[in-house]
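Heads up: the structure comes next, in structure tokens.
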Amino acid sequence: MRTRTRPRPPGPARALAALAAAALLTCSLAACGQEAKGGSRYQQDEGKGGTVGLAMPTKSSERWIADGRNMARQFEKAGYETDLQFGDDKVENQVAQVENMIAKGHRLLVIAAIDGSALTNVLRRAAEQDIPVISYDRLIQGTEHVDYYASFDNERVGRLQARYIVDQLGLEKGGGKKRTVELFAGSPDDNNTRYFWNGAMSVLRPFLKNGQLTVRSKQTKLNQATTLRWDGGTAQKRMDDIVTKHYGSERLDAVLSPYDGISIGVISALKSAGYGSGDTPYPVITGQDAELASVKSILRGQQTQTVFKDTRELAKRAVRMGDAVLTGGKVEVNNVRDYHNGKKRVPAYLLDPVSVDKDNVDLLVRAGYYRAGQLK
């Protein structure tokens, strides 16, 4: 079928038509970019440069201070400016900080959320401004506006902690000896809490079912074991209460603690109850993050184990992700299946954690994480 050709408009009309066509083409391309999950929506034509917003949850943990500084240093080395903010464990602070980053036109947001479900509205605004988001260590929940997730294999962290308890108590050797354990979990508003818990319980559950392990407090559900904001003081109060009510003449053999700060609180409560003196040694106490105070505690025979997560490598991974997003490179991930935030499966890169106790604590020095003199 032959198509009729419209006559070309003469003079000024022709120029106006050309401008209209160009405007229509520009509009179409812009619409295309908004719909894309990658590519032009991330302003790759700008290449390196601009500012990256780094929103960390708190300065109360040495781990988060180190994470923020490591990322800032590496992003700056890669050619970007950085805006590093700490939320002081207050959700409203972090929301305001992220809103400010968006208002300033930062090119990328890397967020370790205080409350993983509290950022839905602010991240919608980030998406409207075509600002990509990397969820750092804690998976942001309930929004499709999260592009990537950088973390450790968090279920494996829980399995390592629980496996350490099983091995130290000799539960697989049998012999009929029953042991006691108390269970602590992380903050209820942190999605990682569930992964740590599920990993640990996958190992401990068979021994709880067959009676080799007993939780005398009967606090065996996740919502009974959580510790708001991962706070050591909160953990100490709960441990005080458990020991007073349930362990008068009965000895506590193990404590599943998901984080070193919680472990320190647990140890304080146990010390007040007489553990660590005379013929009452501390129970097996796990932890996570290899914080310096807890590593020293392990060497003193108080805390027993921690899970080392080399956050320098995690920071490096987040920087690689962010740089690839902003320059049009390939973003490397190794898990596209397991991390669903309620709205989408978030492509992730997971690093492997390592169990550490007094027998292999020197690996922290060999890795350059601490100097030998710091552990004395």
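The values are calculated or read from the model by the stated rules, or taken from the named source; none is laboratory data. Note that the structure is predicted; figures quoted are calculated from it, not measured. Every residue, glycine among them, receives a Cβ derived from its backbone with ideal geometry; neighbour counts consider all protein chains shown. Please note that ligands, DNA and RNA were not included when accessible areas were found on the heavy atoms of the full protein model with its side chains. Shrake-Rupley method; radii C 1.70, N 1.55, O 1.52, S 1.80 Å.
Annotations
- For segment 220-307, the spread of Cα coordinates along the three principal axes comes to 33, 32, 18 Å, biggest extent given first.
- Residue-wise HN-Hα coupling along segment 323-330, computed from phi with Karplus coefficients 6.51, -1.76, 1.60 (Hz; x: Gly, Pro): 5, 5, 4, 7, 10, x, x, 7
- Taking all Cα pairs closer than 8 Å and separated by 6 or more residues, the relative contact order of segment 54-192 comes to 20 percent.
- Its DSSP H runs of at least 4 residues, each contributing -39,500 (n - 2.57), put the calculated 222 nm mean residue ellipticity of the chain at -13500 deg cm²/dmol, to the nearest 500.
- Nonlocal amide H pairs with LEU108, under 5 Å, H built at 1.01 Å: GLY53
- DSSP beta bridges in the chain [antiparallel fraction, %, rounded to 5]: 20
- Scanning residues 5 or more positions from LEU351 or on other chains, those with amide H under 5 Å from its amide H are SER151, PHE152, ASP153, with H placed 1.01 Å from N in the peptide plane.
- Considering only segment 217-376, percent of DSSP beta bridges that pair antiparallel, nearest 5: 75
- Against the criterion of solvent-accessible heavy-atom surface with a 1.4 angstrom probe, LEU123, LEU160 sort, most first, into LEU160, LEU123.
- Residues whose amide H lies under 5 Å from that of THR214, counting only those 5 or more places away or on a different chain, are ARG179, THR180, VAL181; hydrogens are built 1.01 Å from N in the peptide plane.
- Projected area averaged over orientations for segment 143-206, convex hull of C-alpha atoms, nm²: 5.4
- C-alpha long axis of helix 191-209 to longest principal axis of the chain, angle in °: 40
- Translational diffusion of segment 48-135, µm² s⁻¹ [Kirkwood Rh, Cα pairs; Stokes-Einstein; 37 °C; 0.692 mPa s]: 256
- Per-peptide packing, taken as the mean over residues of other Cβ atoms within 10 Å, places 48-55, 110-117 in the sequence 110-117, 48-55 from highest down.
- With protein chains left intact and a 1.4 Å probe, residues in the chain average 48 Å² of accessible area per residue.
- Anchor LYS90: aspartates and glutamates whose Cα lies under 19 Å away (excluding residues fewer than 8 positions away in-chain): GLU62, ASP67, GLU99, ASP115, ASP137, ASP189, ASP190, ASP231
- Spatial offset of segment 307-370 relative to segment 251-267 amounts to 25 Å, using the alpha carbon center of each.
- Here the chain is treated with +1 on each Lys and Arg Cβ and -1 on each Asp and Glu Cβ, and its dipole about the Cα centre works out to around 960 debye.
- Remark: the Cα gyration tensor places segment 325-376 in the prolate category, a/c being 1.5 or greater and a/b exceeding b/c.
- Cubic angstrom per residue, convex hull over Cα atoms of segment 283-338: 90
- Option label - Cα extents along the principal axes in Å computed here, alternatives (1) 69, 53, 44; (2) 102, 48, 35; (3) 87, 44, 35: (2)
- Global geometry of segment 217-376, whether rounded, prolate or oblate, following the gyration tensor of its Cα atoms and the 1.5 cut on a/c: oblate
- Dipole moment magnitude, nearest 20 debye, segment 217-273 about Cα centre, only Lys, Arg, Asp, Glu C-beta charged: 160
- Above-threshold pairs, the threshold being 18 Å between Cα atoms, out of LYS209/LYS245; LYS177/LYS209; LYS77/LYS309; LYS271/LYS296; LYS48/LYS77; LYS296/LYS376: LYS209/LYS245; LYS77/LYS309
- Here the chain exposes an accessible surface that is 49 percent carbon and sulfur, computed with a 1.4 Å probe and the other protein chains kept in place.
- 3J(HN,Hα) along segment 252-257, derived from phi through the Karplus expression 6.51 cos²θ - 1.76 cosθ + 1.60 where θ = phi - 60°, amounts to 8, 9, 7, 10, 7, 10 Hz, with x in place of Gly and Pro.
- Relative to the dominant Cα principal axis of the chain, helix 11-35 is inclined by about 10°.
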